[in-house]
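These notes concern the structure reproduced below.
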Amino acid sequence: MSSEQLTVHLIGDSTIAEKEASARPETGWGMPFADRFDDSVTVENHARNGRSTRTFLEEGRWEPAVRDLTETHYVFVQFGHNDEVPSKEQYTTEAEFTANLETFVDETRECGASPVLLTPIARRHFDESGIPKDTHQTYSELTREVARDRDVPLIDADERSRSLLRELGPEASKSLYLHLSPGEHSNYPDGATDDTHFSEYGARRMAELVLDGIEELNLELASRVVPADR
């Protein structure tokens with residue numbers, strides 16, 4: 001079984017997506033994630049900046065992934081960052097969000113492939129006492145509900161990332177996100193204070209959380225994970 005070729009399709013937003021050179025050191029977790037498997041696993045990163053479940057479907061971005069699915073494919077779905085913000089044009093109502101996740105799950109299974117749902121990774125926001133805020137409460141819970149209702153493996157990336165934020169605290173956790181001083185990087189001459197998107201280091205840590213979830217779910221993928229390059 002271990003020699004069988006497997007493919008993982010990543011469906012989601014900017015927190016997963018591959019980044020242009022002009023955006024570095026901002027890094028989506030899908031980039032280091034792809035490097036953590038042996039040669040029997042191919043990772044196809046379909047995630048794009050600024051997408052919600054609705055716009056991902058409306059723009060036809062789901063089609064290239066779903067048309068290629070077979071029994072040896074996984075589809076990892078993580079949305080919520082853009083769906084949940086009413087002021088954004090990508091906003092998706094709670095009912096639509098649920099229905100869209102169900103579409104991803106059902107169409108993946110119709111092809112014989114295996115869906116995996118992920119709650120959105122936490123934004124870096126702490127309360128006055130230094131406890132990470134539950135920044136995705138509603139849309140994370142909707143994701144958990146779809147996972148329960150459809151009996152889909154769930155990686156609770158929201159819970160796992162908040163635990164990491166709690167462990168690191170308000171100051172040290174800045175290293176996970178795109179925090180740059182003016183002049184520190186040529187792509188951000190005025191610096192950056194971004195508590196949603198990840199640094200290279202942060203993307204690696206978030207990928208580790210997803211890999212831990214794969215192991216705990218005992219997915220076939222778990223046996224294909226290789227040690228990180230240090």
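Just a few scattered comments:
- The residue that is most open to solvent (accessible area, probe 1.4 Å), counting only those in segment 2-38 that are among the charged types (D, E, K, R) and over 16 Å from the mean Cα position of the chain (by Cα), is Glu20.
- Selection status of Gly183, open to solvent by 10 Å² or more (accessible area, probe 1.4 Å), touching a residue at least 24 places away in the same chain (Cβ under 8 Å) and of a type outside the set (A, V, I, L, M, F, W, C): no
- Filter pass, Ala172 being out of contact with any His (no Cβ under 6 Å at 6 or more places or on another chain), surrounded by fewer than 17 Cβ atoms within 10 Å (Cβ to Cβ), aliphatic (A, V, I, L, M) and farther than 24 Å from Asn49 by Cβ: yes
- Test: residue in segment 147-159 that is surrounded by fewer than 21 Cβ atoms within 10 Å (Cβ to Cβ), out of contact with any His (no Cβ under 9 Å at 6 or more places or on another chain) and more than 30 Å from Glu110 (Cα to Cα): no
- Annotation: Glu141 fulfils all but one of (1) of a type outside the set (A, V, I, L, M, F, W, C); (2) over 17 Å from Trp29 (Cβ atoms); (3) modelled with pLDDT of 95 or more; (4) open to solvent by less than 60 Å² (accessible area, probe 1.4 Å); the unmet one is (4).
Rundown of residues vs (1) among the β-branched types (Val, Ile, Thr); (2) out of contact with any His (no Cβ under 7 Å at 6 or more places or on another chain); (3) within 22 Å of His136 (Cα to Cα), yes/no style:
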{"site": "Ser14", "(1), (2), (3)": "no, no, yes"}
{"site": "Ala34", "(1), (2), (3)": "no, yes, no"}
{"site": "Val41", "(1), (2), (3)": "yes, yes, no"}
{"site": "Thr55", "(1), (2), (3)": "yes, yes, yes"}
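Residue-wise test of (1) in contact with a Phe, Trp or Tyr (Cβ under 6 Å, 6 or more places away or on another chain); (2) farther than 15 Å from His197 by Cβ; (3) not small (Gly, Ala, Ser).
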residue: Gly30; (1), (2), (3): no, no, no
residue: Arg36; (1), (2), (3): no, yes, yes
residue: His46; (1), (2), (3): no, yes, yes
residue: Thr53; (1), (2), (3): yes, yes, yes
residue: Thr70; (1), (2), (3): no, yes, yes
residue: His73; (1), (2), (3): no, yes, yes
residue: Asp106; (1), (2), (3): no, yes, yes
residue: Leu117; (1), (2), (3): no, yes, yes
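The values are calculated or read from the model by the stated rules, or taken from the named source; none is laboratory data. Computed from a predicted structure; not experimentally measured. Here the Cβ is made from the backbone with ideal geometry for all residues, glycine too, and neighbour counts use every protein chain on show. All accessible areas refer to the heavy atoms of the entire protein, side chains included, with ligands and DNA or RNA removed. Shrake-Rupley method; radii C 1.70, N 1.55, O 1.52, S 1.80 Å.
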